[in-house]
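The values are calculated or read from the model by the stated rules, or taken from the named source; none is laboratory data. The structure presented is a predicted model; accordingly, all values stated were derived computationally and were not measured. Here the Cβ is made from the backbone with ideal geometry for all residues, glycine too, and neighbour counts use every protein chain on show.
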Amino acid sequence: MKDLLKIVIFILFGIAIVSTQLFSDVAKGQKIYIKQLKAKCGISGSSFAGKHSQDQWEELYDAGKLNDEIKKICHGHGVDEKELRDIYDFVYEYASDSGNVPTI
């Protein structure tokens, strides 16, 4: 019985680690911003994310208007749809009301 419990816990732990790798990521969003948008926007990542509060970024993402807002801030430059979730995680984490500051 103990062996079975250990196996189940090990499997659940493994699934938890793998599943977090499959979903979006704040660091990945930051890298996307730095590589694709920073030069085009002309502002740092913290200034970019600080343009809105967490609630405002969430509303834009949920309404499907996040890329439009990115284009507005970055002079017409946006990101691929597949990268929006990562960018959203980045801007949400470092929004104006979050109290967090990106390292770069």
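Quick grid of which residues meet (1) surrounded by fewer than 18 Cβ atoms within 10 Å (Cβ to Cβ); (2) touching a helix residue (DSSP H, G or I) at 6+ places or on another chain (Cβ under 9 Å):
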{"residue": "F48", "(1), (2)": "no, yes"}
{"residue": "D55", "(1), (2)": "yes, no"}
{"residue": "E59", "(1), (2)": "yes, no"}
{"residue": "L66", "(1), (2)": "no, yes"}
{"residue": "H77", "(1), (2)": "yes, yes"}
{"residue": "L84", "(1), (2)": "no, yes"}
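Select from region 86-104 the residues that are polar (S, T, N, Q) and touching a helix residue (DSSP H, G or I) at 6+ places or on another chain (Cβ under 7 Å) and write down the one among them that is surrounded by the fewest Cβ atoms within 10 Å (Cβ to Cβ).
In this case the residue turns out to be N100.
Looking only at region 76-104, count every residue that is assigned to a loop (DSSP other than H, G, I, E, B) and touching a Gly at 6+ places or on another chain (Cβ under 8 Å) and tell me the total.
5
Here are the criteria: (1) at pLDDT 95 or above; (2) among the hydroxyl-bearing types (S, T, Y); (3) more than 21 Å from G78 (Cβ to Cβ). Tell me which single one S19 does not satisfy.
In the conditions (1) at pLDDT 95 or above; (2) among the hydroxyl-bearing types (S, T, Y); (3) more than 21 Å from G78 (Cβ to Cβ), S19 misses (1) alone.
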